[in-house]
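Asks: Just dropping this structure here.
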Amino acid sequence: MRTSRRLLKQVRAAMLTAFFFGGFINMLMLTIPLYTLQVFETVVPLGSIETLIILTVITAAAIFSLSLIEIARDTILLRAGLWIDHCLGSFILENGLRVGVSGDELKRDVRALEALKGFVTSSAVAPLLDGPWVPIFLVALTLLHPMIGAMALIVAVVLFATALLQLALTDRLQKEATESRERSHQWFGMLSSAAPLAGALGLAPGVRDRWERANRAHVAGAYSIGKRTSFIKAISRSVRLGSQIAVYGLGAWLVVNEQITPGALVASAILLARALAPLEQLSGAIKPASAAWRGYQRLKALPAELAGPAVSSDQETPQGFIRLIDATVYYPHRRTATLRGISLDIAPGECVGIVGPNGAGKSTLAALVAGAISPTAGAADLDGLPISRWQRATATPPIGYLPDDPQLIEGTVHENIVRFTEASLMSAAAAAIAAGMHERIQSLADGYETRIGHGGNGLSLSERRAVGLARAFHGAPRMVVLDEPEAGLDGATFRSMVTALVAMKQAGHGLVIATQDARLLKLVDRVVVLAGGAVSRTGSPDQVLRPTATATVKSVRSAESAAAAPHDNDRRGQSAVGAA
């Protein structure tokens, strides 16, 4: 079973391997100061060309080996980053859709993955891999002379402190700026996807001001971070340059006092530069490292059950008994429940109609029965297991669902009907025939190979609903849930759909139809009436619909009378004026 922890374990193993490779790289970096030291203390005093040649060959071999190891380390990190981007990315997408996480949460998971992958494959990871090996160079400097080693240690501590100071000064601002940027990008992307319509509705000035307010916080945060980062960077650079001057000054004083040789002075300068390089770069790497660590913690916290099968292998064919027990649904940012304490049983093969006024919760109840949403409280089960788990187990869920908005994805009609699996064109056509939508789809420009744009662009409402209905019938589901299926359909297409629903009912499959269309309610065995998010009554169509229809007629007549009253008053007024 795949879990995020197991996938991240592979990345940790790659990072550990790269860290050990870094140890060999840093050990080989000692070759250059050793070569310099031997040239000044052995070759020059003795004038031995043979010794110089041998030292040069050994040093060249060491540098060549160092280059090969660096290439190997970079390759390991690159492969690890791309591997996690592919494997963990597919894991996040598949399991996120299976459990029905919100779009915002899914986007945050993807951004966390991008932060981790970007850090592993960037040059910012090098200072963290080389930093732990800095003590090697400090020990070498101490061996040359304790005073040089002490000075190098002090400078290293100062540089490390500046990196921590940068983290402390910018971490909170970085989080706030990132959140502000996400809000402004989300607002901008939402509007750009509907730019022509938004412009025609006169939204341009208002949405510009709204975006500017959201983006202003991001700009202010980024500006503050930039100023603080620049300040810390200037301190780090000044400390490093000062340390170079200090090592030459201290080394020269030691040479004059004959405590070290000139070769040791040059070697000290090279060792100090190598020791301080990772620490100076750490101030620039601390920001992506912090983002990568937060991303790692978020990905590590993904629940393990996301990777598990939704249902056991001996329950892959459900009987089709649906039970809702005190199901309550709250939508985000809503204080009142959309559905309240719904208890409902739907037997296998039963056909149920859901009716009620606008805002009563018909679409929400249909989505709950279809497993598109899970109850905030209570239970919604299919054969004793949560419906949402059944629906996300395979690409052929046991309940077909046509929502009010078909939610088509960019691709072909064929791909949308078969849910982007490898199912054949014949399978898509069979589903369309079963749904009575084959002729409607065949009439498209390229039939089943007609391209669909983002959000269903390129198709009319009737065409989108025809494709969505065919998708709901694909895979021979035990039940089909339809939310306002008549919306947008012309007379011929509607009659084809009704014929298909009758055939499905006769075949023993269940139907749940949320509608106000009396023609569709003739197909159902039982009607559930919603009012204010709760079931007000339930029964056979004859028992339930007659009083509902009478009340509807009365309400319509009352509305007509109210609408006619102003006209009558106008007529009376006009008559009075004429009489005058």
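Asks: What pairs come up if the first residue lies in the range 460-481 and is farther than 10 Å from residue 397 by Cα, the second is hydroxyl-bearing (Ser, Thr, Tyr) and at pLDDT 85 or above, and their beta carbons are under 6 Å apart, counting only those six or more places apart or on different chains?
Replies: 481/401
Asks: Sticking with this structure for a sec: Looking at this structure, is residue 73 of a type in the set (Lys, Arg), over 24 Å from residue 136 (Cα atoms) and surrounded by 13 or more Cβ atoms within 10 Å (Cβ to Cβ)?
Replies: For residue 73, the condition - of a type in the set (Lys, Arg), over 24 Å from residue 136 (Cα atoms) and surrounded by 13 or more Cβ atoms within 10 Å (Cβ to Cβ) - is not met.
Asks: Follow-up. Look at residue 248 and say whether it is in a helix (DSSP H, G or I), under 20 Å from residue 35 (Cα atoms) and of a type in the set (Phe, Trp, Tyr).
Replies: yes
Asks: Exactly one of these conditions fails for residue 84: (1) surrounded by 17 or more Cβ atoms within 10 Å (Cβ to Cβ); (2) modelled with pLDDT of 85 or more; (3) in contact with a Ser or Thr (Cβ under 9 Å, 6 or more places away or on another chain). Give me its number.
Replies: (3)
This table checks each residue for (1) under 26 Å from residue 262 (Cβ atoms); (2) modelled with pLDDT under 90.
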| site | (1), (2) |
| --- | --- |
| 48 | yes, yes |
| 110 | no, yes |
| 115 | no, yes |
| 141 | yes, no |
| 151 | yes, no |
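Asks: In addition: Take residue 120 and tell me if it is surrounded by 16 or more Cβ atoms within 10 Å (Cβ to Cβ), in the same structural domain as residue 10 (by TED's automatic domain parsing) and touching a residue at least 12 places away in the same chain (Cβ under 8 Å).
Replies: yes
Asks: Now, a different point. Residues that are over 30 Å from residue 390 (Cβ atoms), modelled with pLDDT under 90 and among the β-branched types (Val, Ile, Thr): does the range 57-78 have at least one?
Replies: Taking every residue of the range 57-78 in turn, none turns out to be over 30 Å from residue 390 (Cβ atoms), modelled with pLDDT under 90 and among the β-branched types (Val, Ile, Thr).
Asks: Filter the range 156-174 for residues that are under 23 Å from the mean Cα position of the chain (by Cα) and either outside the structural domain of residue 238 (by TED's automatic domain parsing) or without any contact (Cβ under 8 Å) to a residue 40 or more places away in the chain (or both) and give the result.
Replies: The one that is under 23 Å from the mean Cα position of the chain (by Cα) and either outside the structural domain of residue 238 (by TED's automatic domain parsing) or without any contact (Cβ under 8 Å) to a residue 40 or more places away in the chain (or both): 172.
Asks: Condition first: assigned by TED's automatic domain parsing to the domain that holds residue 355 and not in a helix (DSSP H, G or I). Can you find one or more residues in the range 464-473 that meet it?
Replies: No; the residues of the range 464-473 include none that is assigned by TED's automatic domain parsing to the domain that holds residue 355 and not in a helix (DSSP H, G or I).
Asks: Restricting the search to the range 435-451, which residues are surrounded by fewer than 23 Cβ atoms within 10 Å (Cβ to Cβ) and of a type outside the set (S, T, N, Q)?
Replies: 438, 439, 444, 445, 446, 447, 448, 449, 451, listed by residue number.
Asks: Which residues, taken from the range 139-150, are surrounded by fewer than 20 Cβ atoms within 10 Å (Cβ to Cβ) and in contact (Cβ under 8 Å) with a residue 40 or more places away in the chain?
Replies: Those that are surrounded by fewer than 20 Cβ atoms within 10 Å (Cβ to Cβ) and in contact (Cβ under 8 Å) with a residue 40 or more places away in the chain: 145, 147.
Asks: Can you pull out the residues in the range 118-170 that are more than 30 Å from residue 221 (Cβ to Cβ) and not in a helix (DSSP H, G or I)?
Replies: 145
Asks: Determine which member of the set 425, 402, 444 is touching a strand residue (DSSP E or B) at 6+ places or on another chain (Cβ under 9 Å) and of a type outside the set (Ser, Thr, Tyr).
Replies: Of 425, 402, 444, the one residue that is touching a strand residue (DSSP E or B) at 6+ places or on another chain (Cβ under 9 Å) and of a type outside the set (Ser, Thr, Tyr) is 402.
Asks: Here's a check for you: in the range 382-391, which residue that is surrounded by fewer than 19 Cβ atoms within 10 Å (Cβ to Cβ) and not aliphatic (A, V, I, L, M) is nearest to residue 371 (Cα to Cα)?
Replies: 386
Asks: Name the residues in the range 373-410 that are in contact with a Phe, Trp or Tyr (Cβ under 6 Å, 6 or more places away or on another chain) and within 20 Å of residue 337 (Cα to Cα), would you?
Replies: 376, the sole residue that qualifies.
Residue by residue, here is whether (1) out of contact with any Leu (no Cβ under 8 Å at 6 or more places or on another chain); (2) within 30 Å of residue 174 (Cβ to Cβ); (3) not assigned by TED's automatic domain parsing to the domain that holds residue 142 holds:
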position: 221; (1), (2), (3): no, yes, no
position: 227; (1), (2), (3): yes, yes, no
position: 238; (1), (2), (3): yes, yes, no
position: 242; (1), (2), (3): yes, yes, no
position: 258; (1), (2), (3): yes, no, no
position: 263; (1), (2), (3): no, no, no
position: 266; (1), (2), (3): no, no, no
position: 269; (1), (2), (3): yes, no, no
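Asks: Another one. Can you list residue pairs whose Cβ atoms sit under 8 Å apart, with the first residue in the range 437-455 being assigned by TED's automatic domain parsing to the domain that holds residue 468 and closer than 19 Å to residue 409 by Cα and the second being of a type in the set (A, V, I, L, M, F, W, C) and assigned to a loop (DSSP other than H, G, I, E, B)? Count only pairs 6 or more apart in sequence or on different chains.
Replies: Listed by first residue and then by second, the contacts come to 444/459; 450/444; 450/459; 452/408; 452/409; 452/459; 455/408.
Asks: Another question, then. May I ask you to verify whether residue 407 is within 30 Å of residue 445 (Cβ to Cβ), modelled with pLDDT under 90 and either buried (at least 19 other Cβ atoms within 10 Å of the Cβ) or in the same structural domain as residue 534 (by TED's automatic domain parsing) (or both)?
Replies: yes
Asks: Out of the range 18-52, which residues are outside any helix (DSSP H, G or I) and loosely packed, with under 15 Cβ neighbours inside 10 Å?
Replies: Scanning the range 18-52 gives 47, 48.
The values are calculated or read from the model by the stated rules, or taken from the named source; none is laboratory data. No experiment lies behind these values; they were computed from the predicted model shown. Here the Cβ is made from the backbone with ideal geometry for all residues, glycine too, and neighbour counts use every protein chain on show.
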